[in-house]
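Asker: The structure is given below, and queries will be raised subsequently.
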Amino acid sequence: MLIAEFTIDHPILLTPLREIPDIEVEWEETYRGPDDRTQMLFSVRSDDFAAVEAALADDPAVTNPTVLDDTGDRRFYRRSRPSASGLDPEGEGRTLR
């Protein structure tokens, strides 16, 4: 069995990653919905979800973040991005950890 851990270089979720100490963000899945919007599922571990919500609201790469599940110290989100191509065109890449 092969198990791999890697870091991706992408501009999504930079605001929460920069502003919140000790935040953990995990990408779960990305797909194109029936309305041709790119949907991204991700989870966040944090001690301060008020700060997470504020940072998501300020992040230009996040549109309509929706909490799908809350386990106390971890929340699962869906965010959509309108795009005809299904790609997120904004900005330079950054490291998502």
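Asker: Starting from residues that are surrounded by 12 or more Cβ atoms within 10 Å (Cβ to Cβ) and at pLDDT 90 or above, keep the ones in the stretch 69-97 and report whichever is farthest from Ile12 (Cα to Cα).
Answerer: Arg74
Asker: So in the stretch 25-37, with the set limited to residues that are touching a residue at least 40 places away in the same chain (Cβ under 8 Å) and out of contact with any helix residue (DSSP H, G or I) (no Cβ under 7 Å at 6 or more places or on another chain), which one is surrounded by the most Cβ atoms within 10 Å (Cβ to Cβ)?
Answerer: Ranking the qualifying residues of the stretch 25-37, first place goes to Arg37.
Asker: Scan the stretch 34-44 and give yes if some residue there is at pLDDT below 90, under 21 Å from Glu5 (Cα atoms) and either assigned to a loop (DSSP other than H, G, I, E, B) or aliphatic (A, V, I, L, M) (or both), otherwise no. Quick ask: steps written out before the conclusion?
Answerer: Just the residues of the stretch 34-44 that are at pLDDT below 90, to begin with: 34-40.
If we keep only those that are under 21 Å from Glu5 (Cα atoms) too, we end up with 40.
So of that shortlist, the ones also either assigned to a loop (DSSP other than H, G, I, E, B) or aliphatic (A, V, I, L, M) (or both) come out as 40.
Looking for residues that are at pLDDT below 90, under 21 Å from Glu5 (Cα atoms) and either assigned to a loop (DSSP other than H, G, I, E, B) or aliphatic (A, V, I, L, M) (or both), one finds at least one in the stretch 34-44, hence yes.
Asker: Hey, can you tell me all the residues within the stretch 38-69 that are more than 17 Å from Pro21 (Cβ to Cβ) and either free of Cβ contacts under 8 Å to residues at least 12 places away in the same chain or among the small types (Gly, Ala, Ser) (or both)?
Answerer: Ser43, Ala57, Ala61, Val67, Asp69
Asker: Hey, among Glu5, Glu29, which residue is under 15 Å from the mean Cα position of the chain (by Cα) and either modelled with pLDDT of 85 or more or of a type in the set (D, E, K, R) (or both)? Break it down stepwise before answering.
Answerer: Numbers: Glu5 fails: under 15 Å from the mean Cα position of the chain (by Cα).
Of Glu5, Glu29, the one residue that is under 15 Å from the mean Cα position of the chain (by Cα) and either modelled with pLDDT of 85 or more or of a type in the set (D, E, K, R) (or both) is Glu29.
The values are calculated or read from the model by the stated rules, or taken from the named source; none is laboratory data. Everything numeric in this text was worked out from a predicted model, so none of it was measured. Note that each Cβ is placed from the backbone with ideal geometry, even for glycine, and that neighbours are counted across all protein chains shown.
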